[in-house]
Amino acid sequence: MTNARGTNAENIAQQTLGYMLVYERKLYSILLEQQKHRWNRDHHFSELTGKTAVLFGTGQIGSHIARLAKAFGMHVVGINRHGEALENFDEVTTFEAGISLLKDADYVITSLPLTPPATKDYFNADLFAKMGPQTFFINVGRGASVVTVDLDSALRNGQLAGAAVDVTNPEPLPADNPLWDAPNIIITPHDAGFSDQINQRVWQLIIKNVKAYVQGETLNNLVDYQQGY
């Protein structure tokens, strides 16, 4: 069995950088001002240059995010199981060792798969407490890896500077869920994986795998049943 892993990595990475630019350049606030026909430059503008991003997950999505973040002059740290050096990352460390880095992170980004029990509810009150008040949290992985009420609480009590989530738990997020109204949050309806180029990438992968299968060669993106993806 194979999957389409990586075919949406580029667009998810671009949307992730979009969240970060909206936050740093205050684009959401400016669009609201535009709707009111107001010329207001009274915003605290910042940029990504020199900021630190800690990425949970260094697979194809994480690697694409890291590459784009490096292009903006960021310091990029990857967190995975083995901690081995990887292209596009300034450093890579393990889950255990990486926890100490969270307090200084400007961005904590997760693209982790859901592999219970390891990543189920992984981002909870305890982990948010280890981040700094300057940290902006981004989830483009799986909604169930985050305890929703804990994220809401961390935003409201100032433990986090903000958040952007493309996935939620539950999903779709009910209209009366308080997370909608949490301060400094961007919620998108699990659409980071959509792109006008996805079908082309998927079919290229299918054709490549059919040819490899017929010729008795190793297939791309074989599913690891033990890991769950």
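The values are calculated or read from the model by the stated rules, or taken from the named source; none is laboratory data. Everything numeric in this text was worked out from a predicted model, so none of it was measured. Positions of Cβ are backbone-derived with ideal geometry, glycine not excepted, and every protein chain shown enters the neighbour counts. SASA here: full protein model, heavy atoms, side chains in, ligands and nucleic acids out. Shrake-Rupley method; radii C 1.70, N 1.55, O 1.52, S 1.80 Å.
Going through segment 89-109 one residue at a time, which ones are of a type in the set (S, T, N, Q) and surrounded by fewer than 19 Cβ atoms within 10 Å (Cβ to Cβ)? Walk me through it before giving the result.
Of all residues in segment 89-109, those of a type in the set (S, T, N, Q) come to 93-94, 100.
Listed by number, the residues that qualify are T94, S100.
Could you list, in sequence order, the residues of segment 132-162 that are surrounded by 23 or more Cβ atoms within 10 Å (Cβ to Cβ) and of a type outside the set (V, I, T)?
F136, F137, N139, G141, S145, L151, A154, L160
Pick from F128, F123: which is closer than 18 Å to A53 by Cβ, in contact with a strand residue (DSSP E or B) (Cβ under 6 Å, 6 or more places away or on another chain), crowded, with 21+ Cβ neighbours inside 10 Å and not β-branched (V, I, T)?
Values: F128 fails: in contact with a strand residue (DSSP E or B) (Cβ under 6 Å, 6 or more places away or on another chain).
Selected residue: F123, the only one of F128, F123 that is closer than 18 Å to A53 by Cβ, in contact with a strand residue (DSSP E or B) (Cβ under 6 Å, 6 or more places away or on another chain), crowded, with 21+ Cβ neighbours inside 10 Å and not β-branched (V, I, T).
Kindly indicate which of I206, I198 is of a type in the set (A, V, I, L, M) and open to solvent by 50 Å² or more (accessible area, probe 1.4 Å). If you could, list the steps in order and put the result at the bottom.
Details: I198 fails: open to solvent by 50 Å² or more (accessible area, probe 1.4 Å).
Selected residue: I206, the only one of I206, I198 that is of a type in the set (A, V, I, L, M) and open to solvent by 50 Å² or more (accessible area, probe 1.4 Å).
On the basis of being touching a residue at least 60 places away in the same chain (Cβ under 8 Å), within 28 Å of A66 (Cβ to Cβ) and surrounded by fewer than 14 Cβ atoms within 10 Å (Cβ to Cβ), does N11 make the cut? Break it down into steps so the answer makes sense when it comes.
Details: touching a residue at least 60 places away in the same chain (Cβ under 8 Å): yes; within 28 Å of A66 (Cβ to Cβ): yes; surrounded by fewer than 14 Cβ atoms within 10 Å (Cβ to Cβ): no.
It is false that N11 is touching a residue at least 60 places away in the same chain (Cβ under 8 Å), within 28 Å of A66 (Cβ to Cβ) and surrounded by fewer than 14 Cβ atoms within 10 Å (Cβ to Cβ).
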